[in-house]
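Down below is the structure, laid out as structure tokens.
The values are calculated or read from the model by the stated rules, or taken from the named source; none is laboratory data. If you're wondering where the values come from, they're calculated on a predicted model, not measured in any experiment. Ideal geometry is used to build each Cβ from the backbone, glycine not excepted, and the neighbour counts take in all protein chains shown.
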Amino acid sequence: MSNPTDDRLCCDIIEIKGLNKWYGEFHALKNIDLTVKEGEIIVVCGPSGSGKSTLIRCINFLEKFQEGSIVVDGTELTDDVKKIRQVRSEVSMVFQHFNLFPHLSIIDNLTLAPIWVHNETKQQAKEKALTLLDRVGIKDQAEKYPNQLSGGQQQRVAIARALCTSPKIMLFDEPTSALDPEMISEVLDVMIELAKEGITMLCVTHEMGFAKKVADRVIFMDEGQVIEQNTPDKFFDNPESERLQLFLDQILTN
Amino acid sequence: MAVYPLKETKKAPQSQTKAIQWLKENLLSSTSNVLLTLVALYLIYLILPPILNWTIFDANFDLTADNDSCGREGACWAFIYDNFKMFIYGFYPEEELWRIDAMFGLIVVMIMFGSWIKKSQYRMHYIIGAFLVYPVAAFFLLHGGLGLEVVGTDKWGGLTLTIVVAAVGIVASFPLGILFALGRQSKMRIVRFISIVFIEFVRGVPLITILFMASVILPLFFSVGMDFDKLLRALIGITLFQTAYIAEVIRGGLQAIPKGQYEAADASGLNFVQKTTLIILPQALKISIPNIVGSFIALFKDTTLILIIGLYDMLAIVGAATSNSSWLGRNSEGYVFVAFVMWVILYSMSRYSKKLEVRFSTEHKN
């Protein structure tokens with residue numbers, strides 16, 4: 001679609017420098033440097049345990065890190081609760097297992113953060129939520145509860161919930177990995193629509209079709225490091241590192 | 001290769017009437033089941049007729065009878081009738097009994113009003129208001145003050161006292177239990193330490209000990225001349241006891257909440273209080289309903305222990321009535337009555353808990 005030098009992508013919105021994270025003795029992220037420009041669509045892939053989920057979960061501080069710095073839209077992430085909440089109010093996340101709130105109806109799932117975190121009125125929040133539900137194609141399910149929907153529908157609700165706070169950045173943590181095969185495309189379609197609208201996206205996913213279609217940059221991680229990053233066409237057609245070639249062979253052959 | 005057309009959906013076969021099918025499936029499904037059914041029938045045959053004979057067929061329902069004219073073959077229900085007021089109201093002065101009726105009447109009216117405005121947007125305000133106002137109103141009605149004659153707690157007794165103790169224990173221990181459950185999971189070490197010490201200490205001690213401690217040790221903390229009400233001491237003891245159990249029950253519910261719920265709440269930017277009250281607690285409490293109610297039922301039964309510090313709950317007062325010289329030897333009637341009243345109350349609680357579970361269930365609502 002486009003490359004990182006595209007003039008649409010002007011300013012850095014996420015700056016990660018020298019990021020190191022350990023789980024106990026296990027070195028999960030090794031000296032990661034990554035800069036994301038506003039509006040950029042980034043796909044992160046790699047074998048399981050490579051640290052890709054951990055990396056994007058550091059960006060909204062769901063994971064603490066021990067060394068390095070992350071600056072999100074001018075706010076540096078530290079232990080300071082105010083700064084964490086500031087970042088989280090601009091960054092939304094979509095999880096592998098949806099993580100909808102099962103005790104709340106769909107509409108209440110969507111309006112919760114706008115009302116309590118962004119101080120919107122119930123009326124405002126509800127109108128916006130219905131618009132978003134319409135966009136992901138499930139407006140008629142607004143009064144139902146999460147467990148009454150299919151996996152694909154639940155994930156679309158989760159995307160709508162994430163969008164409800166008008167975030168600048170969307171993080172996707174393997175959004176299609178827990179879905180039945182026939183439901184993957186309905187979720188990807190929504191994500192592709194979203195990508196076209198210029199919101200900054202970081203997606204951990206194995207959906208290489210999605211990456212080819214919309215990504216500005218694809219990042220390959222292994223053993224807690226960024227091994228290779230490139231534009232999608234170069235990434236898939238001319239992988240430089242041996243490990244990426246091996247990885248691509250493995251996922252593309254089946 | 002072949003292609004198969006879709007088949008039509010058929011109704012499940014129903015060859016027999018429901019009753020026969022039920023019998024077959026539940027009572028006669030196998031040889032051992034048939035045997036068990038027969039044994040159970042035999043036991044029922046042994047137990048049921050004598051019970052019915054004593055309580056109904058041989059019983060004396062003449063409510064004006066006295067102990068001698070009542071007969072000894074069956075129950076003498078005149079005993080209950082004669083002492084009924086004492087069983088229910090304890091030693092409360094006769095001319096002030098309307099206050100107890102008013103207290104119970106008020107809660108019934110308030111609950112009915114609450115269900116009448118079920119759909120109103122002010123329902124939550126009403127419920128919170130009711131929880132704040134009713135205890136105060138109930139206190140003044142029962143205890144007196146504000147123009148009503150003061151009736152000391154030494155006059156309280158019977159079913160009234162049982163319900164007061166249980167209700168205070170339940171209402172006070174619930175929020176405290178939530179706090180201690182959260183405290184035990186807190187990241188702040190001091191809070192966690194205090195919670196664990198409190199919970200484990202109280203759970204490691206029988207209620208009787210706590211009641212004794214509350215009635216003997218608690219007054220030592222206060223100045224000598226201060227009159228520290230005996231009932232209040234019992235209430236504090238029971239509340240502390242119940243708090244520890246409720247805290248553990250709710251902790252179980254908290255642990256059942258998937259990590260993803262915490263993460264989704266965090267990622268949305270909710271702060272700790274919002275996350276806890278809007279996301280985590282509603283789900284944890286819902287899971288805990290059966291255990292919470294089970295714990296409340298246990299508490300209700302445990303209230304009978306307040307006898308040992310000299311308070312006369314329903315069981316104690318019935319015991320006292322059976323040693324009254326004009327009704328000697330009527331223990332069975334008294335205890336059957338207590339058992340029946342307790343059962344009605346506790347079974348209602350248990351049914352109500354089932355109803356709550358269904359109402360809060362979002363699993364299969366369509």
Seminar exercise, completed: Among residues of segment B:243-290 being farther than 23 Å from B:Lys354 by Cβ and of a type in the set (Val, Ile, Thr), the residue farthest from the other protein chains (Cβ to nearest Cβ) is B:Thr243
Exercise. Does A:Lys144 satisfy the condition of being at the interface with chain B (Cβ under 9 Å from one of its Cβ atoms) and modelled with pLDDT under 95?
Worked result: yes
Problem set entry | A:Ser185 within 25 Å of B:Gly260 (Cα to Cα) and within 14 Å of chain B (Cβ to nearest Cβ) | no
Seminar exercise, completed: In segment A:44-62, residues that are over 12 Å from the mean Cα position of the chain (by Cα) and at the interface with chain B (Cβ under 10 Å from one of its Cβ atoms) total 2
Exercise. What is the number of the single condition among (1) at pLDDT 90 or above; (2) of a type in the set (D, E, K, R); (3) over 24 Å from A:Arg88 (Cα atoms) that A:Glu182 does not meet?
Worked result: (1)
Exercise. Only one of (1) within 14 Å of chain A (Cβ to nearest Cβ); (2) exposed (fewer than 14 other Cβ atoms within 10 Å of the Cβ); (3) under 16 Å from the mean Cα position of the chain (by Cα) fails for B:Leu356. Which number is that?
Worked result: (2)
Exercise. When you scan segment A:136-254 for strands (runs of 3 or more DSSP E) that lie fully inside it, which ones turn up with 2 or more residues that are buried (at least 17 other Cβ atoms within 10 Å of the Cβ) and touching a Pro at 6+ places or on another chain (Cβ under 7 Å)?
Worked result: A:217-222
Problem set entry | Selection count, segment B:322-333, where residues are surrounded by fewer than 22 Cβ atoms within 10 Å (Cβ to Cβ) and either touching a Leu at 6+ places or on another chain (Cβ under 9 Å) or in a helix (DSSP H, G or I) (or both) | 6
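Keeping to segment A:18-42, report how many residues are surrounded by 14 or more Cβ atoms within 10 Å (Cβ to Cβ) and either out of contact with any His (no Cβ under 9 Å at 6 or more places or on another chain) or aliphatic (A, V, I, L, M) (or both). Walk me through how you get there before you give the answer.
So the first thing to find is which residues in segment A:18-42 are surrounded by 14 or more Cβ atoms within 10 Å (Cβ to Cβ), and the list is A:19-22, A:27-32, A:34, A:36-42.
Now narrow it down to the ones that are either out of contact with any His (no Cβ under 9 Å at 6 or more places or on another chain) or aliphatic (A, V, I, L, M) (or both): A:19, A:22, A:27-32, A:34, A:36-42.
Number of matching residues: 16.
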For this session: Just one of (1) under 21 Å from the mean Cα position of the chain (by Cα); (2) over 29 Å from B:Gly71 (Cα atoms) trips up B:Ser361, so point out which.
Result: (1)
For this session: For A:Ile107, work out the one condition from (1) part of a helix (DSSP H, G or I); (2) surrounded by fewer than 18 Cβ atoms within 10 Å (Cβ to Cβ); (3) more than 10 Å from chain B (Cβ to nearest Cβ) it doesn't fulfil.
Result: (2)
Problem set entry | Residue within segment B:60-74 that is assigned to a helix (DSSP H, G or I), touching a residue at least 24 places away in the same chain (Cβ under 8 Å) and of a type in the set (D, E, K, R) present | no
For this session: Answer yes or no as to whether B:Ala298 is in a helix (DSSP H, G or I) and surrounded by fewer than 21 Cβ atoms within 10 Å (Cβ to Cβ).
Result: yes
Seminar exercise, completed: B:Ile308 fails exactly one of (1) within 18 Å of B:Gly157 (Cβ to Cβ); (2) crowded, with 17+ Cβ neighbours inside 10 Å, namely (2)
Problem set entry | Failed condition for A:Thr78, given (1) outside any helix (DSSP H, G or I); (2) within 9 Å of chain B (Cβ to nearest Cβ); (3) without any contact (Cβ under 8 Å) to a residue 12 or more places away in the chain | (2)
Problem set entry | Filter result (surrounded by 12 or more Cβ atoms within 10 Å (Cβ to Cβ), without any contact (Cβ under 8 Å) to a residue 12 or more places away in the chain and of a type in the set (Gly, Ala, Ser)) within segment B:106-143 | B:Gly129
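Within segment B:207-228, does at least one residue satisfy the condition of being touching an Asp or Glu at 6+ places or on another chain (Cβ under 6 Å) and not small (Gly, Ala, Ser)? Quick ask: steps written out before the conclusion?
Applying the first criterion (touching an Asp or Glu at 6+ places or on another chain (Cβ under 6 Å)) to segment B:207-228 yields B:207.
Now restrict to residues that are not small (Gly, Ala, Ser): B:207.
Within segment B:207-228, one or more residues are touching an Asp or Glu at 6+ places or on another chain (Cβ under 6 Å) and not small (Gly, Ala, Ser).
Look at B:Phe140 and say whether it is touching a strand residue (DSSP E or B) at 6+ places or on another chain (Cβ under 7 Å), at negative phi and at pLDDT 85 or above.
Judged against the criteria, B:Phe140 is a match.
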Seminar exercise, completed: Scanning segment A:110-124 for residues that are crowded, with 23+ Cβ neighbours inside 10 Å and more than 9 Å from chain B (Cβ to nearest Cβ) gives A:Leu110, A:Thr111
Problem set entry | Any hit, segment A:111-125, residues being charged (D, E, K, R), in a helix (DSSP H, G or I) and in contact (Cβ under 8 Å) with a residue 12 or more places away in the chain | no
